């Protein structure tokens with residue numbers, strides 16, 4: 001019995017072992033890659049040093065069919081797939097690369113591999129390729145014509161590189177191609193007519209190049225397209241007619257080109273469309289959707305912004321029942337918002353800004369998520385009994401008047417509220433909810449009274465602007481709770497309070513403007529923190545601040561010291577649905593300017609028009625990021641600090657109308673960006689620095705400093721040419737205007753009373769002429785924003 005059991009187990013073991021051996025040998029015969037394929041891959045590895053610490057390193061001890069990113073044919077052992085996307089190859093693809101010995105390769109993915117150099121023409125030798133992706137690299141040069149040899153391709157992606165030249169006509173050989181992605185390159189010229197041969201094409205992305213001309217007539221052959229984008233090019237003429245045959249088209253984007261002609265009605269007869277963008281072109285005439293297939297329309301997103309459409313919003317817009325977002329801003333639309341838009345029950349985002357629309361804002365729009373109607377002529381709101389879901393409401397620059405609309409207090413989910421530049425008056429109600437607000441902008445109205453204490457729970461608030469109103473009293477201390485605040489602008493009101501040094505503890509406060517109010521008292525108080533560590537711009541000009549500033553006053557203003565270079569972008573915030581930009585007004589280079597957007601790298605200090613005295617703090621020299629410094633109209637004494645020469649980014653310096661003495665530091669002549677300076681009305685003496693920037697200044701920048709010399713070149717005839725009859729007479733700066741006023745007063749007290757009376761007569765009888773001669777200039781720096 002025992003022997004039988006042993007025999008049974010022994011035979012079972014033999015059977016199982018034999019089965020596993022046969023299976024292993026079979027698998028081995030299927031999976032072992034060819035030596036020539038392995039050697040080619042190893043040579044390729046040496047061309048592009050793949051990280052040896054990767055989970056499956058490429059070496060001879062492993063079957064190359066199991067190397068990471070490699071797939072072989074089960075029967076032949078030939079390499080048919082190579083997928084190295086997101087591998088840091090950091091080299092160029094050579095024309096004699098061993099890669100091109102992989103003749104059976106069908107799928108090649110080198111997406112985001114840091115490839116450099118040109119696309120080699122040898123790539124056309126891989127004639128079995130059906131998938132080729134070289135996108136998101138740093139490839140340059142032209143697309144080789146030999147790429148047309150890859151006539152089995154289904155997918156071609158060369159996007160997001162630096163490719164130049166024209167699209168080769170040989171792309172017309174890709175008769176099986178499903179996806180063509182060449183966007184984000186530097187391609188130019190016209191799209192070749194041979195593109196019409198790609199009758200199987202589903203996706204065409206040519207956006208963000210420099211392509212021009214017309215869309216070829218052969219485009220009409222591409223009826224299987226579902227995705228089409230040529231955004232941000234230089235295409236002209238009109239869109240192709242007869243597009244109703246594109247029954248599969250879902251995404252259509254021709255934005256940011258120069259297309260002309262009337263509204264393309266035939267496009268909207270395609271019932272499969274889901275997203276359409278015609279924005280940023282030169283389409284003209286009225287809107288019209290008369291050919292729409294409303295019953296089956298799937299359109300969800302439509303932008304017609306930044307064109308020249310005119311006339312009313314058509315009632316037929318209501319036929320797009322699935323529409324969720326509609327942008328028709330920056331056109332010339334007129335009339336009211338049609339009542340038929342109430343049928344758009346899925347609409348969440350509506351932007352009609354910068355048109356000529358008027359009348360009442362319908363109450364059914366309060367159910368939207370975001371409503372942008374700025375720069376129109378709307379004059380009233382309709383109340384709604386429906387649930388209000390709105391999170392962003394922007395009605396700036398319209399014709400609203402009367403008291404603050406109290407129904408806004410009921411909008412619990414409000415994130416952005418912009419009522420600026422209207423005719424609202426009365427008080428700001430204490431019921432205004434700020435707990436969810438990101439931005440509150442009430443500037444340029446006629447609000448009066450005190451500012452209510454509404455900021456206790458405003459922990460999300462990032463921008464607060466009530467400038468250019470008639471508010472009075474003190475700033476509410478509850479602003480200290482707004483830990484996310486980046487901008488506080490209360491300029492041009494009647495606030496009367498001490499300097500709010502407590503705002504210095506806000507960790508992200510970048511912009512503070514108290515300009516033109518009635519603030520008073522010292523800026524510096526012992527044992528009170530002055531740590532505005534994140535401050536980039538401060539304007540406290542034209543108030544009643546007094547006292548001295550200690551030498552270390554600016555020491556903790558770290559955001560104004562040199563930083564790593566910032567993006568060439570603007571201060572602002574991205575909410576869930578839009579971007580809002582911070583804005584303000586201030587004097588820059590002697591001119592009142594209104595900044596609709598503020599650059600991230602802009603740093604400015606304006607303490608002008610107060611009663612500060614003593615020495616200018618030496619710690620000002622640490623603020624090397626400063627671009628504008630205005631300390632004019634105070635009573636600063638002693639020498640101009642030599643540390644100002646450390647401010648190598650400085651573009652404008654105004655120290656006029658103080659009591660500064662000594663010499664102008666010669667080192668200031670080395671500040672190459674300093675294009676505006678004003679030292680007038682001080683007690684300065686000695687030579688004017690010889691730097692190029694000094695020699696380009698107006699003579700008025702040095703007036704009323706009897707001890708200065710070396711002004712011959714600056715004040716000579718070659719400095720400022722005499723105005724020709726076609727030129728406007730140059731307006732005097734604010735400092736010159738004050739000189740004129742001082743002289744007039746002096747004359748009034750001297751024997752020349754008659755001259756004073758004559759000047760008075762001119763001022764009263766010809767005040768327009770007087771203003772043109774002596775008034776302060778005001779310039780608006782505008783940048784289009786939603």
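The values are calculated or read from the model by the stated rules, or taken from the named source; none is laboratory data. What you are looking at is a predicted structure, and each value in this text was computed from that prediction instead of being measured. Backbone-built Cβ (ideal geometry, glycine too); neighbour counts: all protein chains shown.
If you check residue 257 against the conditions, is it in contact with a strand residue (DSSP E or B) (Cβ under 6 Å, 6 or more places away or on another chain), in a loop (DSSP other than H, G, I, E, B) and either modelled with pLDDT under 95 or within 29 Å of residue 175 (Cα to Cα) (or both)? Steps first, answer last, please.
On the way: in contact with a strand residue (DSSP E or B) (Cβ under 6 Å, 6 or more places away or on another chain): yes; in a loop (DSSP other than H, G, I, E, B): yes; either modelled with pLDDT under 95 or within 29 Å of residue 175 (Cα to Cα) (or both): yes.
When the stated conditions are applied, residue 257 passes them.
If you go through the range 634-656 and pick out every residue that is out of contact with any strand residue (DSSP E or B) (no Cβ under 9 Å at 6 or more places or on another chain) and more than 15 Å from residue 560 (Cβ to Cβ), you end up with 3.
Considering only the range 431-450, state which residues are over 18 Å from residue 470 (Cβ atoms) and either in a strand (DSSP E or B) or in contact with a helix residue (DSSP H, G or I) (Cβ under 9 Å, 6 or more places away or on another chain) (or both). Quick ask: steps written out before the conclusion?
Quick first cut of the range 431-450, residues over 18 Å from residue 470 (Cβ atoms) only: 431, 433-439.
Residues satisfying the conditions are 431, 433, 439.
Within the range 73-90, the set of residues being modelled with pLDDT under 90 and either outside any loop (DSSP other than H, G, I, E, B) or touching a helix residue (DSSP H, G or I) at 6+ places or on another chain (Cβ under 8 Å) (or both) comprises 74, 75, 77.
Does residue 504 satisfy the condition of being modelled with pLDDT of 95 or more and over 24 Å from the mean Cα position of the chain (by Cα)?
No, not satisfied.
Suppose we filter 617, 665 for residues that are farther than 22 Å from residue 511 by Cα and surrounded by 15 or more Cβ atoms within 10 Å (Cβ to Cβ); which single one remains? Among 617, 665, only 665 is farther than 22 Å from residue 511 by Cα and surrounded by 15 or more Cβ atoms within 10 Å (Cβ to Cβ).
Identify the residue in the range 339-350 that is in a loop (DSSP other than H, G, I, E, B) and in contact with a strand residue (DSSP E or B) (Cβ under 7 Å, 6 or more places away or on another chain) and, among all such residues, is surrounded by the fewest Cβ atoms within 10 Å (Cβ to Cβ).
Pass one, the range 339-350, residues in a loop (DSSP other than H, G, I, E, B): 344-348.
Filter once more, so that each one left must be in contact with a strand residue (DSSP E or B) (Cβ under 7 Å, 6 or more places away or on another chain): 347-348.
Details: 347: 25, 348: 18.
Out of the qualifying residues, it is 348.
Could you count how many residues in the range 503-547 are touching a residue at least 24 places away in the same chain (Cβ under 8 Å) and part of a loop (DSSP other than H, G, I, E, B)? Steps first, please.
Step one: filter the range 503-547 for residues touching a residue at least 24 places away in the same chain (Cβ under 8 Å), giving 503-525, 528-547.
The next check asks that each one be part of a loop (DSSP other than H, G, I, E, B); those that pass are 506-510, 514-519, 523-525, 528-536, 540-543.
Qualifying residue count, the range 503-547: 27.
Those strands (runs of 3 or more DSSP E) of the range 131-226 in which 3 or more residues are more than 21 Å from residue 107 (Cα to Cα) occupy 140-142, 162-164, 210-213. Within the range 659-688, track down each residue that is closer than 21 Å to residue 608 by Cα and either in a helix (DSSP H, G or I) or out of contact with any strand residue (DSSP E or B) (no Cβ under 9 Å at 6 or more places or on another chain) (or both). Across the range 659-688, the qualifying residues are 668, 680, 681. Candidates in the range 351-369 are the residues that are in a strand (DSSP E or B) and buried (at least 22 other Cβ atoms within 10 Å of the Cβ); of these, the one that is nearest to the chain's Cα centre (by Cα) is 351.
Return yes or no: is residue 625 farther than 22 Å from residue 714 by Cβ, buried (at least 18 other Cβ atoms within 10 Å of the Cβ) and out of contact with any strand residue (DSSP E or B) (no Cβ under 7 Å at 6 or more places or on another chain)? The answer is yes for residue 625. Looking at (1) closer than 17 Å to residue 604 by Cβ; (2) modelled with pLDDT under 90, which one does residue 556 not meet, given that it meets all the others? With respect to (1) closer than 17 Å to residue 604 by Cβ; (2) modelled with pLDDT under 90, residue 556 is out only on (1). The number of residues in the range 156-178 that are surrounded by 20 or more Cβ atoms within 10 Å (Cβ to Cβ) and in contact with a strand residue (DSSP E or B) (Cβ under 8 Å, 6 or more places away or on another chain) comes to 10. Of the residues screened, residue 216 is not one that is under 34 Å from the mean Cα position of the chain (by Cα) and under 25 Å from residue 327 (Cβ atoms).
Just one residue in the set 438, 447, 455, 424 is modelled with pLDDT under 95 and more than 27 Å from the chain's Cα centre (by Cα); that residue is 455.
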